[in-house]
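The values are calculated or read from the model by the stated rules, or taken from the named source; none is laboratory data. These figures come from a predicted structure and were not determined experimentally. In this analysis, Cβ positions are derived from the backbone assuming ideal geometry, glycine residues included, and neighbour counts consider all displayed protein chains.
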Amino acid sequence: MATINAQKVLRAVGKLDRTATQEQADQLVRYLSMLEQWNRKMNLVGPSHWEDMLNSLVVDSLYLAEFLNDQSLRENPLCLDFGAGAGLPGIPLRMFWQDGRYWLVEVRQKRVGFMRSALARLGLPHTEVFHGRAEEALDRLQQSEQESTADLIVSKAFMPWRKLLDFTRPMLRPADGYPGGMLVILSNDPPPEADLPESWGLTAATSYPVAGKQHYFWALNVR
């Protein structure tokens, strides 16, 4: 198996029409190397080679960082990533977008173990793993940090989007004269043109290429 290094990662990122610094490339090397190694033992993700992981999974994070930079969020936002799995998109995202505090929420022990090991090696700021259900993460925040709601929730294949809107609505900061909390959905489909509840507004959407197909981000704000 070919050894991964920063120059190979930089070239692969460039082929995706993205850019990375030397530090970010070094971080991706550490993360992808760990993901390859752990994946051989516990099948964390589908692809087995680092470049396939980058092209089909990490690519979401690269585009998501740019997307989030264009959104209106409160200063130092509190962010929850539901169903974080092996840290995708959250861990690579935090290499490129480091605003606020970011909680990777995951109920499966083996994936929690992987993410904690990866974060220990990467040293990403204000990024941590919560082992438990999404509802329990919010309870913990309310108890330990006096935060009753989040500013941003990120979801990739956590649950069907209609159910997700009902599920996350009480977890997000109300509008109160300022843009309310935001839900960002990573999807294989474009956002719905209608059928959104009145308490939600579609504020932004974009598409980007992944392995010859179009994937989408939807940004919905609480009204």
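For segment 189-223, filtering for residues that are touching a residue at least 40 places away in the same chain (Cβ under 8 Å), among the hydrophobic types (A, V, I, L, M, F, W, C) and not in a strand (DSSP E or B) leaves 1.
Has segment 69-80 got at least one residue that is within 19 Å of K156 (Cβ to Cβ), touching a Phe, Trp or Tyr at 6+ places or on another chain (Cβ under 7 Å) and in a helix (DSSP H, G or I)? Yes - at least one qualifying residue is present in segment 69-80.
Which one of these is buried (at least 17 other Cβ atoms within 10 Å of the Cβ), at negative phi and in a strand (DSSP E or B): L124, L186, L138, L88?
Details: L124 fails: in a strand (DSSP E or B); L138 fails: in a strand (DSSP E or B); L88 fails: in a strand (DSSP E or B).
Every option except L186 fails the conditions.
Out of the residues in segment 203-223 meeting the condition of being surrounded by fewer than 18 Cβ atoms within 10 Å (Cβ to Cβ) and of a type in the set (G, A, S), tell me which one is farthest from R18 (Cα to Cα).
Quick first cut of segment 203-223, residues surrounded by fewer than 18 Cβ atoms within 10 Å (Cβ to Cβ) only: 203-207, 209-214, 216, 223.
Okay, now just the ones that are also of a type in the set (G, A, S), so 204-205, 207, 211-212.
On the way: A204: 21, A205: 19, S207: 15, A211: 14, G212: 16 Å.
Among those residues, the one meeting the criterion is A204.
Among the residues of segment 1-22, those identified as free of Cβ contacts under 8 Å to residues at least 60 places away in the same chain and either assigned to a helix (DSSP H, G or I) or among the small types (G, A, S) (or both) are A2, A6, Q7, K8, V9, L10, R11, A12, V13, G14, K15, Q22. Scanning segment 182-211 for residues that are touching a helix residue (DSSP H, G or I) at 6+ places or on another chain (Cβ under 6 Å) and over 22 Å from L172 (Cβ atoms) turns up Y208, V210, A211. The set of residues from segment 141-181 being among the aliphatic types (A, V, I, L, M), modelled with pLDDT of 85 or more, under 21 Å from A204 (Cβ atoms) and surrounded by 14 or more Cβ atoms within 10 Å (Cβ to Cβ) comprises A150, L152, I153, V154, L164, L165, M171, L172.
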